[in-house]
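Shown next, in structure tokens, is the structure this report addresses.
The values are calculated or read from the model by the stated rules, or taken from the named source; none is laboratory data. Since this is a predicted model, take the numbers as computed values, not measurements. Note that each Cβ is placed from the backbone with ideal geometry, even for glycine, and that neighbours are counted across all protein chains shown.
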Amino acid sequence: MKQAVIIGAGIIGCATALQLARRGYRTTNVDKNAEVGSGSTANSCAIVRFSYSTPEGVMLAHEGCHYWLNWPQFLGAPDERGYAKFVQCGHLMLRIDESDRAQVIERYRELGIRFETWDNARIRERLPFMTTESFFPPKPVDDPQFFSDSASEIAGGIFTPDAGYIPDPLLATHNLRRAVEAAGAFSIVLESIPRELGARITSELRIPTIGIGAGPDCDGQVLVIHDLLGLSFGHKPKFTRRYADLGEIISRAAVEYCRDVQQGRFPSDEESYHLPVEHRDVPVAKRG
């Protein structure tokens, strides 16, 4: 069976693991956080939009929108916490002038992305809390004119009704975790987290946990070979244990080697190669 190690267990890492597991890979996610989706995923706006700079990015985002619309069916696995919701409220991209975002509109038309062009009156009607004043170009906060009213307006915007956002990206990642487990993921590595969290995650997961600084309650343990053999220098993490001190042995050997070389004791005659006796008197050209 093919194996894959995925660095990170956020929304991208777990989604990658799910697709690989469904293609027959044995996957392992490695993440320093205490729970899936606890890093940048949990702090993201989780916006599902199509305004990307390449055709491939736009198509990938648009395809992802359909997964969100049919999220439970896509996952194919239950989650005791319920499923994340997709709020399809649309996405509005403002325009500085009439030529602004022209490439976006062209790409939407080319790829069949639904969109509407809104003028300022439409923006104020649909989003009455917004101003359509233009504050371009931007000013630093210490500029005397920073809080001044603007004498100009923006040039409307581009609205994509199929876009939206995920209110709980952490739950969405947990959904993916359950789907990955059901699809046959092998394990998850927990690193540098409190023992209590390691025990809790281990009890909740349906696959083995491998701990490295996550306490003794994980299903398995791992150490970096350099830490285990005493080959690491500098900061020593609390969770490491040295079973040998090869670093000291290597350092001592290097010091002795340098001393012998400097004092002419290495290499000795016994440690040197010699010409056959019949060739030892052959003249050798001198340098210079």
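Between ASP217, ASP227, which is touching a Lys or Arg at 6+ places or on another chain (Cβ under 8 Å), touching a residue at least 12 places away in the same chain (Cβ under 8 Å) and either assigned to a helix (DSSP H, G or I) or of a type in the set (S, T, N, Q) (or both)?
ASP227
Name every residue in the range 115-156 that is without any contact (Cβ under 8 Å) to a residue 60 or more places away in the chain, surrounded by 14 or more Cβ atoms within 10 Å (Cβ to Cβ) and of a type in the set (Val, Ile, Thr), in order of residue number.
If the condition is that a residue be without any contact (Cβ under 8 Å) to a residue 60 or more places away in the chain, surrounded by 14 or more Cβ atoms within 10 Å (Cβ to Cβ) and of a type in the set (Val, Ile, Thr), then ILE123, THR131, THR132 are the ones that fit.
Report whether or not VAL261 is surrounded by 11 or more Cβ atoms within 10 Å (Cβ to Cβ), at pLDDT 95 or above and over 33 Å from the mean Cα position of the chain (by Cα).
So VAL261 fits the description; yes.
Name the pairs: first residue in the range 51-65 and in a loop (DSSP other than H, G, I, E, B), second residue loosely packed, with under 15 Cβ neighbours inside 10 Å, Cβ to Cβ under 9 Å, at least 6 apart or on different chains?
TYR52/LEU60; SER53/GLN103
Listed residues ILE154, ILE96, ILE166, ILE158; which is among the β-branched types (Val, Ile, Thr), farther than 27 Å from ALA15 by Cα and within 31 Å of the chain's Cα centre (by Cα)?
Selected residue: ILE158, the only one of ILE154, ILE96, ILE166, ILE158 that is among the β-branched types (Val, Ile, Thr), farther than 27 Å from ALA15 by Cα and within 31 Å of the chain's Cα centre (by Cα).
Report the residue count in the range 67-107 for those that are of a type in the set (Ser, Thr, Tyr) and out of contact with any helix residue (DSSP H, G or I) (no Cβ under 7 Å at 6 or more places or on another chain).
1
Kindly indicate whether any position in the range 153-165 is over 30 Å from LEU18 (Cα atoms), touching a strand residue (DSSP E or B) at 6+ places or on another chain (Cβ under 9 Å) and among the β-branched types (Val, Ile, Thr).
yes
Return the residue satisfying two criteria in turn: it lies in the range 228-249 and is within 22 Å of PRO216 (Cα to Cα) and charged (D, E, K, R), and of such residues it is modelled with the lowest pLDDT.
Filtering the range 228-249 for residues that are within 22 Å of PRO216 (Cα to Cα) and charged (D, E, K, R), the one modelled with the lowest pLDDT comes out as LYS236.
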